[in-house]
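A short worksheet on the structure shown next.
Please treat every number below as a calculation from the coordinates, not as lab data. Quantities reported herein were computed from a predicted structural model and do not represent experimental measurements. Neighbour counts are summed over all protein chains in view; Cβ atoms, including those assigned to glycine, are modelled from backbone coordinates with ideal geometry.
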Amino acid sequence: MVSTNQFKNGSHIDVEGTVFKILEFQHVKPGKGGAFVRTKLRRASDGNVIDRTFRAGEKFREVRTEARRMQFLYADGSDAHFMDVESFEQIAIPESVLAESLRWARPSSELDVLFIDDQPSELQLPSSVELEISQTDPGLRGDSVSGPGNKPATLETGAVIQVPLFLEPGQRIRVDTRSGEYISRA
């Protein structure tokens, strides 16, 4: 069992039979009345984010999590297929569960897949990835690093982000996986 005073950002708890990831929490001690904990939780099954308040000292079932290194093979429109790099066992995870994370995953790349109670639930991506620009409008003479403005660019994974005007198709860039923003040229 895990108590509210043992909460950590990123850990998982079971609330009334549903598994949640703790995104953030705050202990509150009002002037009168009992202390409580305000939390922002993401449901592991579908990714919905909710705000929830708990009494201080409330206990929850701790959820067993494990990250396994797996190779992303391909996505077929309904499922994303992964292979364990040690046992070569293949699994399929519904694309709807991983939609946001798959925007930054190239086929044949190795990623950490988070298993909650032995069920695959989400990808653990690095904070930034290097991807190639597959399509964007050509840059014009005079577009420079310091020039203002952005343009849309389609990356090799199919994700569309805003990039500076001077970038061309075929160039590799760094992208922040949390915000989806351009960082720099790779």
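A viscosity of 0.890 mPa s and a temperature of 25 °C, combined with the Kirkwood radius over Cα pairs in Stokes-Einstein, give a translational diffusion coefficient for region 2-62 of 209 µm²/s. For the chain, the residue among GLN6, ALA159, PHE72 whose Cα projects farthest onto the positive side of the dipole built from Cβ charges is GLN6. Charges were assigned to the Cβ only: +1 to each Lys and Arg, -1 to each Asp and Glu. The resulting dipole of the chain about its Cα centre is roughly 1140 debye. Run the count for the chain, please: Lys pairs, Cα-Cα under 28 angstrom, 8 or more apart or on different chains. Within the chain, the lysine pair count is 13.
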